[in-house]
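Data block below; observations after.
The values are calculated or read from the model by the stated rules, or taken from the named source; none is laboratory data. Values in this document were obtained by computation on a predicted structure and should not be read as measured data. Neighbour counts are summed over all protein chains in view; Cβ atoms, including those assigned to glycine, are modelled from backbone coordinates with ideal geometry. Accessible surface is based on the protein model in full, side chains and every heavy atom, while ligands, DNA and RNA are left aside. Shrake-Rupley method; radii C 1.70, N 1.55, O 1.52, S 1.80 Å.
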Amino acid sequence: MSYPPQGYGPQGYQPYGPPPPGYGPYGYRPPSPALGYVTAIAFVVLGLLSLMFAINGWDGTSDNGTLMAALIGVAFTEDLTGNVDFAISATMSVACTAVLFGLAMFARLEFLRWILAVLGGLVTVYYLYAIVWILSNDGGEVIGMALVSWVLWLAATVLAALPATGRAMRERGPAPYPPQGPPQAGYPQQY
């Protein structure tokens, strides 16, 4: 019988033999980029949805109050400008930023997820304020899209801030650990 017994090696006991293809040394498997792509798609879709809100209320005379209430910044228009142009501009700015950085996130640049997380956090907080503002102004019949937008922006922001998304954005995983203990007879030193 040869030493070490079958299944033992420099990495320790391996009951199923060497790791399958696609796995690195010691059974490490690099993270899948899928969650990063899902986050990017979520922000692109939210940007397009916001762009739809802005185009619907382009001239400020839309007959769809539900979509007008979902404009980003509409809760501040009375205090700032008195017309809906501010909300349309803010919505288009947020929409274009979300689409641009969402598409750029497909390149797996990790700093973009933090930009999108901050943008999503600001929009989420705004929609929470807007929901309270709409309800306090007896606008319960037009709150639908603002509520849906708040939930979607919150979900996308949480996706962007997840540690798993950060791992998905990295090209490579951490460096493998060197074998522990003294080298065994018959096996080359691997460092």
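Assorted remarks:
- Meets criteria (surrounded by 14 or more Cβ atoms within 10 Å (Cβ to Cβ) and modelled with pLDDT of 95 or more) for V158: yes
- Of the residues V38, V99, V94, the single one that is in contact (Cβ under 8 Å) with a residue 60 or more places away in the chain and either more than 25 Å from the chain's Cα centre (by Cα) or closer than 14 Å to W153 by Cα (or both) is V38.
- Residue in the range 58-70 that is within 22 Å of A164 (Cα to Cα) and at pLDDT 85 or above present: no
- Filter result for G144 (modelled with pLDDT of 85 or more and under 18 Å from L71 (Cα atoms)): yes
- Residue list for the range 64-80, restricted to those being in contact (Cβ under 8 Å) with a residue 40 or more places away in the chain and either of a type outside the set (S, T, N, Q) or in contact with a Leu (Cβ under 8 Å, 6 or more places away or on another chain) (or both): G65, L67, M68, A69, A70, I72, G73, V74, A75
- Single unsatisfied condition, G120 versus (1) open to solvent by less than 60 Å² (accessible area, probe 1.4 Å); (2) within 11 Å of G73 (Cα to Cα); (3) touching a Ser or Thr at 6+ places or on another chain (Cβ under 6 Å): (2)
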